[in-house]
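To start, the structure itself, in structure tokens.
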Amino acid sequence: MTTTTTWITRRPHPDGVEACIRDTNINVWGLVERRRHGLDDARILTSIQGLTAADLEAAWTYYAEHPEEIEEAICRNAEA
């Protein structure tokens, strides 16, 4: 069974570290933002090529376990 800790890759970023899905540039904070803007999982899946339902499950779990990290990334990217 794949766990969130192996599904999410923490990648270096100029302002710290960003949590990404597997070895992609799809970051967890971006997925959380899409959900906040009203997109459901089905719409998110169709809008990002290669993203899977398991990826989203891992992202939501990671966010639940690390809300401060993801909220900080959202704020950092909103200011950029």
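The values are calculated or read from the model by the stated rules, or taken from the named source; none is laboratory data. Keep in mind the model is a prediction, meaning the values are calculated, not measured. All Cβ positions, even for glycine, are placed from backbone atoms using ideal geometry, and neighbour counts span all protein chains on display. Each accessible area value is taken on the protein alone, full model and side chains, heavy atoms only, with ligands, DNA and RNA left out. Shrake-Rupley method; radii C 1.70, N 1.55, O 1.52, S 1.80 Å.
Heavy atoms only, probe 1.4 Å: what % of the accessible area of the chain goes to carbon and sulfur, would you let me know? Looking at the chain in its full context, I get 52 percent from C and S. Specify the residue with the greatest mean-square fluctuation among Glu68, Glu18, Glu57, computed from a Gaussian network of the chain linking alpha-carbon atoms under 10 Å apart. Between Glu68, Glu18, Glu57, it is Glu68 that shows the largest mean-square fluctuation.
Per DSSP helix of 4 or more residues, -39500 (n - 2.57); summed, then divided by the residues of the chain. What does that give at 222 nm, rounded to the nearest 500?
The helix-only estimate for the chain comes to -16500 deg cm²/dmol at 222 nm.
Here are labelled values, (i) 12.0, 40; (ii) 27.1, 71; (iii) 11.9, 37, and one is the computed Rg and Dmax of the Cα atoms in Å for what I pasted. Which one? Recomputing Rg and Dmax of the Cα atoms in Å here gives the entry labelled (iii).
Taking all protein chains into account, the per residue accessible area for the stretch 1-77 stands at 61 Å² (1.4 Å probe).
Approximating the spin labels as points 7 Å out from Cα along Cα→Cβ, the Leu39-to-Asp15 distance works out to 2.0 nm.
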